[in-house]
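The values are calculated or read from the model by the stated rules, or taken from the named source; none is laboratory data. All figures in this text were calculated on a predicted structure; none of them were measured in a lab. Using ideal geometry, Cβ is built from the backbone for each residue, glycine included, and neighbour counts are taken over all protein chains shown. Only protein heavy atoms, including side chains, enter the accessible area calculation; ligands, DNA and RNA are left aside. Shrake-Rupley method; radii C 1.70, N 1.55, O 1.52, S 1.80 Å.
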Amino acid sequence: MYTTNDTIGNTQENTKTIHEKQSNDRPYQSSLSSPISIEILLLLSVLGNGLVLVISYRRRKKMVGSELLCVNLAVVDFLCCICFYPLSILSSFNHAWLGHHVTCVYYGLGCYIFGLCGMFTIAAISVILWLDGANIRLVCCASWLIAAVWSSFPLFGWGEYVPEPYGLSCTIAWHSYHTSFKDAFYVICSFSCFMLVPVLLIVMSQIQILYQVYHFTYALSARGIRTNLRHTEKRLSMVRRVLCPMFFCISLGFVTAWAPYAVVSFLFIFHKDNRYMAPGGFVFPALFAKSSHIYNPFIYFYFNKAFRQELRCLLRSFCPRLARNRVGVRSAMGQEGLPGGPHPIQIQLQELGMSGVGVLGEE
């Protein structure tokens, strides 16, 4: 004989089963909406990295090798935001992923290519600054080629691109580790060789760079060498004060931004479904990882004086009021200070931060 409590319990279980079935039948459905956060990330990234690319083009003849890698990183961040993040914004308004499987593969493939290329570029910056002597253009081309080849494996049956649990972006199916040998091989290699190894290279290179700079500076100060190694001191001073802190901040920011997402993805490998964590547990690490596109331009402008100077020139070209002449006229007494003496007029001109003084005398 059934009681009222049994009837209510059965109803709740049936309702839960129906909702789980609908969730499995519609994997592109989203219960979260964060368009404002993604819009802010998109706007700041496009403006910041766009300025970096424009300024880099203006001073393209003065750039050194390490700055080319920074330009490559700005290209990665700029194109990733322009080509793929609008899909996340539209999907967040729709509360479901738009286009289903086709756009999911497009988004996952593109974001994975740009993500790997950005990671390889930062690792290359750290290693090249440590070892020196590498061909920068070859390194950039190799980063794009390796990222494109490895990201295309899911198109041929090694892994797949699926919606993330919160339904606003697509990525590698980390849980496919349990489905087949090919999928397990691709997931393990993606996490270990193309995520863990570059991070270890970044950390080891930065530690070696800091050690070399400290050791060389201490040796110079102990020996008191000033004449023969003056050029070396200048180069070391530039590396210590500009390049090392700038690249250290870029590397630290990248590792910090992507660490929560890497941990969540790693945990996701050992679970066949996403019920072990609420959708919000996925969305916040993903948004925090996307913030890595924002702060690099601020790091460039803060540490690189040439970038700041080019930015001022660029602003003056768009705002003529900042570059117009300012004329000041004043009269001065004669050399002897007598009332009847000559009173030359001094005219001061200031343009673009430069000043000149002209004197007009009266007989």
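Some values worked out for this structure:
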| read-out | value |
| --- | --- |
| Pair list, Cβ < 9 Å and 6+ apart or interchain, from segment 92-113 residues that are among the small types (Gly, Ala, Ser) to residues that are open to solvent by less than 30 Å² (accessible area, probe 1.4 Å) and assigned to a helix (DSSP H, G or I) | SER92/PRO35; SER92/ILE38; GLY99/SER91; GLY99/TYR107; GLY108/SER151; GLY108/PRO154; GLY110/CYS80; GLY110/SER151 |
| For ALA148: the one exception among (1) closer than 24 Å to ALA259 by Cβ; (2) modelled with pLDDT of 90 or more; (3) under 25 Å from the mean Cα position of the chain (by Cα) | (1) |
| Unmet requirement for TRP144, which otherwise passes all of (1) open to solvent by 20 Å² or more (accessible area, probe 1.4 Å); (2) among the aromatic types (Phe, Trp, Tyr); (3) over 17 Å from MET195 (Cβ atoms); (4) in contact with a Phe, Trp or Tyr (Cβ under 8 Å, 6 or more places away or on another chain) | (4) |
| The lone exception for GLY50 - which of (1) modelled with pLDDT under 85; (2) open to solvent by less than 80 Å² (accessible area, probe 1.4 Å) it fails | (1) |
| Residue within segment 67-85 that is out of contact with any helix residue (DSSP H, G or I) (no Cβ under 9 Å at 6 or more places or on another chain) and open to solvent by 20 Å² or more (accessible area, probe 1.4 Å) present | no |
| Criterion violated by ASN94 - all others in (1) of a type outside the set (D, E, K, R); (2) open to solvent by less than 10 Å² (accessible area, probe 1.4 Å); (3) out of contact with any strand residue (DSSP E or B) (no Cβ under 9 Å at 6 or more places or on another chain) satisfied | (2) |
| Criterion (open to solvent by less than 20 Å² (accessible area, probe 1.4 Å), of a type in the set (Ser, Thr, Tyr) and assigned to a helix (DSSP H, G or I)) met by exactly one of TYR112, TYR177, TYR107 | TYR107 |
